[in-house]
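To start, the structure itself, in structure tokens.
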Amino acid sequence: MAYHRGRGGKSGGKKKNRQVQGDEVIRVPLPKEGQLFGVIEQALGSGWMDVRCSDGKIRRCRIPGKLKRRMWMRVGDVVIVQPWEVQTEERGDIVYRYTRTQVDWLLRRGKISQEFLSGGELLF
């Protein structure tokens, strides 16, 4: 008797990561309440990065193991930062990394600005 190693009748394919906000369909995750956009400034090793956040502060952020094993983070990547409850101004966690096409979408929609990406303090 041969065993099938398939998915057991479940259809494969990508999950759609879409939200609807008014008339607009949002295809990329946006920061939730308490989260910020950030740009990685420096890699420190052992899963730690210095991230320049949209509020103008530089936070030392860690990459949780779930993300560390799944994707590479480099200097210049746009990320979502969740500040810690205790050391809100100095520390945080990186919860998501945007791809290049997602960053282009954020720029076109006005969610982030070119000045923010290049090192300026402006977000909008």
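Observations on the model:
- Virtual spin-label span in nm between T99 and W48, 7 Å along Cα→Cβ: 3.2
- Heavy-atom surface of the stretch 41-103, accessible at 1.4 Å and reported per residue (Å²): 60
- Taking label positions 7 Å along the Cα-Cβ direction at both L117 and D55, the computed distance is 2.5 nm, reported to one decimal.
The values are calculated or read from the model by the stated rules, or taken from the named source; none is laboratory data. None of the values given here were measured: they were computed from a predicted structure. So basically every Cβ, Gly included, is an ideal-geometry build from the backbone, and we count neighbours across all protein chains shown. Accessible surface areas use protein heavy atoms only, side chains included; no ligands, DNA or RNA. Shrake-Rupley method; radii C 1.70, N 1.55, O 1.52, S 1.80 Å.
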